[in-house]
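Novice: One structure follows; several queries about it will come next.
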Amino acid sequence: MEHVTSDLREFITDQVIPHHRCNVNINPDHITMLEGTKIKKQHSRKRRAHKSRTLSRKEYAELGLNTLPTKQMKYEEALPLHNLWKGYVREHLELKEGSEVPEVHDRHYDEFSRQLVKLDLHGAKLKVIESKCRTLENLEGICVMDTKNVLKILSKDNRLRTIPKSQCVFGMKVGNMEFTIFGQHLNIRPAERSVKKIKSCVQPFM
């Protein structure tokens, strides 16, 4: 309990009608609250000042968070990621044992194609079937980074390669099913691709 100064007691007493001042009983607890409490505006300013701020894309890139080491990564280290992806893709595409790719004339084909485009490719085993750059053809490995314009693939020789999406056609295998995917349909960030509404029927899959 804090000590009430004589000046403060006198100030409070002066606010009371003179003939009632003898009945004034000052509660020190109330005085403490009056002196120590901060107004809401001060509290809100303090909270805003200490609020954490997310990094912008530019800051993210400047810190090198968009890059991966090109030589230190091992293919075996990416295999657990691929195993997780296999479970994810079966759940995402609602595949069961013995499932087959819908035929083009099948009523489920359009929806299956849309869901296939929305796949997150982190962990997928991919192969470059065709490319405008001949040196990229037949490269294969596990996708360890999927950005708007490129895929980073870690191959069995433990080399990390950057593959431009728009210039390539990719092959992907899920169980006993094989897909052919035109990279130009993947030119969007994975997080945005997963929620993008695809209006027209996609025809790049076999």
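The values are calculated or read from the model by the stated rules, or taken from the named source; none is laboratory data. Every value quoted in this text rests on a predicted model; they were computed, and no experiment measured them. Ideal geometry is used to build each Cβ from the backbone, glycine not excepted, and the neighbour counts take in all protein chains shown.
Novice: Give the residues of the range 125-143 that are under 28 Å from the mean Cα position of the chain (by Cα) and of a type in the set (D, E, K, R), sorted by residue number.
Specialist: Answer for the range 125-143, where residues must be under 28 Å from the mean Cα position of the chain (by Cα) and of a type in the set (D, E, K, R): Lys125, Lys127, Glu140.
Novice: Name the pairs: first residue in the range 75-98 and of a type in the set (Val, Ile, Thr), second residue at pLDDT below 90, Cβ to Cβ under 7 Å, at least 6 apart or on different chains?
Specialist: Cβ pairs passing all conditions: Val89/Leu119; Val89/Val174.
Novice: Identify all residues within the range 66-93 that are at pLDDT below 75, of a type outside the set (S, T, N, Q) and surrounded by 10 or more Cβ atoms within 10 Å (Cβ to Cβ); write none if there are none.
Specialist: At the first step, the residues of the range 66-93 found to be at pLDDT below 75 are 66-71.
Add one more test, that the residue is of a type outside the set (S, T, N, Q), and what stays is 68-69, 71.
Hit for the range 66-93 is Leu68, nothing else.
Novice: Among the candidates Ile142, Ile153, Ile181, Ile163, single out the residue that is out of contact with any Lys or Arg (no Cβ under 8 Å at 6 or more places or on another chain) and of a type in the set (A, V, I, L, M).
Specialist: Values: Ile142 fails: out of contact with any Lys or Arg (no Cβ under 8 Å at 6 or more places or on another chain); Ile153 fails: out of contact with any Lys or Arg (no Cβ under 8 Å at 6 or more places or on another chain); Ile163 fails: out of contact with any Lys or Arg (no Cβ under 8 Å at 6 or more places or on another chain).
Going through Ile142, Ile153, Ile181, Ile163 in turn, just one is out of contact with any Lys or Arg (no Cβ under 8 Å at 6 or more places or on another chain) and of a type in the set (A, V, I, L, M): Ile181.
Novice: Okay, next question. Consider Glu35 carefully, then state whether it is over 30 Å from Phe179 (Cα atoms), modelled with pLDDT under 70 and either not aliphatic (A, V, I, L, M) or not assigned by TED's automatic domain parsing to the domain that holds Val150 (or both).
Specialist: Working: over 30 Å from Phe179 (Cα atoms): yes; modelled with pLDDT under 70: yes; either not aliphatic (A, V, I, L, M) or not assigned by TED's automatic domain parsing to the domain that holds Val150 (or both): yes.
So Glu35 fits the description; yes.
Novice: Using beta carbons and a limit of 7 Å, which pairs, at least six apart or on different chains, have the first residue in the range 152-170 and not assigned by TED's automatic domain parsing to the domain that holds His185 and the second one surrounded by fewer than 16 Cβ atoms within 10 Å (Cβ to Cβ) and charged (D, E, K, R)?
Specialist: Nothing qualifies.
Novice: Which count do you get for residues in the range 168-181 that are under 26 Å from the mean Cα position of the chain (by Cα) and either at positive phi or surrounded by fewer than 16 Cβ atoms within 10 Å (Cβ to Cβ) (or both)?
Specialist: 1
Novice: Report yes if Thr54 is out of contact with any helix residue (DSSP H, G or I) (no Cβ under 8 Å at 6 or more places or on another chain), at pLDDT 75 or above and of a type in the set (S, T, N, Q), otherwise no. Lay out the reasoning, then the answer.
Specialist: On the way: out of contact with any helix residue (DSSP H, G or I) (no Cβ under 8 Å at 6 or more places or on another chain): yes; at pLDDT 75 or above: yes; of a type in the set (S, T, N, Q): yes.
Yes: the conditions hold for Thr54.
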